[in-house]
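First comes the structure, then the notes that go with it.
Values in this text are rule-based calculations from the coordinates and carry no lab data. Please read these numbers as outputs of a predicted model, since none were measured by experiment. Heads up, the Cβs are rebuilt from the backbone with ideal geometry, glycines too, and the neighbour counts pull from every protein chain shown.
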Amino acid sequence: MSNDNSKSQSSTSNRDRVLIFDTTLRDGEQSPGATMTFEEKLEVADILDTMGVDIIEAGFPIASEGDFEAVTAISKRVKNATVAGLARAALNDIDRCAEAVKHARRARIHTFISTSPLHMKYKLQKEPHEVLEMVTAQVARARNYVEDVEWSAEDGTRTEMDFLCRTVEAAIKAGATTINIPDTVGYTVPEEYERIFRTVRERVPNSDKAIFSVHCHNDLGLAVANTLAGLAGGARQIECTINGIGERAGNAALEEVVMALRTRADVLPYHNQIEATMLTRASKLVSAVTSFPVQYNKAIVGRNAFAHESGIHQDGMLKNAQTYEIMTPASVGVSKTSLVMGKHSGRNAFRSKLKELGYDLGDNALNDAFKRFKDLADRKKIVYDEDIEALVDDEIGHAGERIKVEALTVIAGTMGPQTATLTLDIDGKPVTKQATGNGPVDAIFNAIKALVANEAVLELYQVQAVTEGTDAQAEVSVRLAENGRSVTAKGADPDTLVASARAYVAALNKLMVKRLKGKPEPMTARLKP
């Protein structure tokens, strides 16, 4: 009798197991301005793999040579997760995708085609019977390469139910092991989305041979709600992104979905293998490499997610934290109490704080970061966790650069023109230039251009305070574009102008790397003494 109960519990557990499919590197990177470098993609893939993501959609191999190389490298690098590549309903797309993921320990080809009347008529310009034939052909082609094939009905929530069922049945018959019915344009509502999954699973005779997947966009702010409704309808794979980045208004946020399942297990009896204590670190990494700031009031990982200013709330928190917190900060990787760091803090305390924040630096990097921390502590009364994170991220991001900011003096005020005197270290040699501009930032950038020849166009200049107060560190994001290449970099410093110079120089360093990959003339020839 006990053996029967054990088998029954195991079966129930398997039915309630939800796979987490992260598409930060594919759908997330399609956000305008969110493009990541090759190295940044590898770094994001590493943390996704470590935190327990089941499937990492690494990119769209046919889109560009860079995407193909990134998917290939991630396939070779990832230790635990399945690596997926995206492919349209075109044979060369599928062939290219198969080539990119073939090195993965577990490889998946994710192929899709539009199924809604609107998309078939205007986007594909094909009749339903032609689309149905393409579904069979694309899935069969992918199945020739890998055993794990996912098929998606693009714009599935605006697809006629009869045709949706026919395409799903055809896809499974051709060998698809996962069926995704995406809310591509964020159009559906929870009750409707749940009903779609229930209906398809009931009407398609071979539906039990595939795992159903949800993929929700946030155009109406319902991505997470719809995702959870899809689970109620029988889906057992969730497609999501870190911080909810993605096309237009973004995708369902991984951290929100995961913590909703953990916190409300009483009404959402599904489990996954995500290590939730890594959510905050993953959020900060993705924010840093994409230069997409996380809104302060963002659920789970926003700066104010565990902040309480109201006197009534503070009183309740002092008596019992559960009065106003439905999850602990530690459960998502946030320190419950903040160790105040200042100019009297020693190296060991600094090292301990870094480990608490999720950093593991080598001796040289630790020494450099500690020096910058002490300099910062001399200029600020209190150094907050966010200050240290910005400082270390800035240090790591600028390590190994050929151009560095050594010194900066700016004269500004109502009586222009504003003047900047800047000293850069270029390949170990200090060079200085004075320039004027229409404002202090313009003067600084003009000085940099005078020292480092470039034709880069400034596409983004954004300033964000890391913490509160007039002595807060500034974090500046700069995006430069040159010859069709676009790079984004950050700089942090209590002085906004210094942070601006560091960010611009960091972006130039990234452009250098891209130039060298393109094999132009040597970069040193473009540096002015």
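A few comments on the model shown:
- For the range 118-168, GluC sites (Glu not before Pro) meeting the loop criterion (DSSP other than H, G, I, E, B) and having at most 15 other Cβ atoms within 10 Å: E147, E160.
- For the range 401-526, relative contact order (Cα pairs under 8 Å, six or more residues apart, normalised by length) works out to 18 percent.
- Think of each Lys and Arg Cβ as +1 and each Asp and Glu Cβ as -1; about the Cα centre, that makes the dipole of the chain roughly 900 debye.
- DSSP bridge analysis restricted to the range 2-290 gives an antiparallel fraction near 5%, rounded to the nearest 5.
- Listed residues V257, Q273, V168: farthest to the positive end of the dipole of the chain (Cβ charges): Q273
- Projecting the Cα atoms of S477, Q418, V431 onto the charge dipole of the range 401-526, computed from C-beta unit charges around the Cα centre, puts V431 farthest toward the positive end.
- Degrees between helix 65-77 axis and first principal axis of the chain (Cα, 0 to 90, nearest 10): 80 degrees
- Shown is the FRET efficiency for L460 and D208, computed with R0 = 45 Å from the Cβ-Cβ distance and rounded to the nearest 0.05: 0.35.
- When the pairs K76/K173; K449/K510; K284/K404; K371/K510 are compared against a 22 Å limit on Cα-Cα distance, K76/K173; K284/K404; K371/K510 fall above it.
- Charged-residue dipole, Cβ positions (Lys, Arg, Asp, Glu), the range 2-290 about Cα centre, Debye nearest 20: 580 debye
- Label-point separation, K123 to N92 (7 Å along Cα→Cβ), nm: 2.1 nm
- Euclidean distance of C-alpha centroids, the range 232-262 and the range 445-509, integer Å: 32 Å
- Antiparallel bridge percentage (DSSP; both residues within the chain; nearest 5): 50 percent
- In the chain, a dipole from Cβ-located charges (positive for Lys and Arg, negative for Asp and Glu) runs towards its positive end, and of S207, A45, F21 it is A45 whose Cα lies farthest in that direction.
- The mean sequence separation of alpha-carbon pairs under 8 Å and at least six residues apart, normalised by the residue count of the chain, gives a relative contact order of 9 percent.
- Relative to the dominant Cα principal axis of the chain, helix 38-51 is inclined by about 60°.
- Filtered GluC sites (Glu not before Pro), the range 430-508: DSSP coil and at most 16 other beta carbons within 10 Å: E455, E468
- Every Cα-Cα pair in the range 401-526 was counted, and those over 25 Å apart are 22% of them.
- Exposure rule at most 11 other beta-carbon atoms within 10 Å, DSSP loop trypsin sites (Lys or Arg not before Pro): the chain longest free segment: 80-335
- Computing FRET efficiency as 1/(1 + (r/R0)^6) for E468 and S64, where r is the C-beta to C-beta distance and R0 is 51 Å, gives about 0.80.
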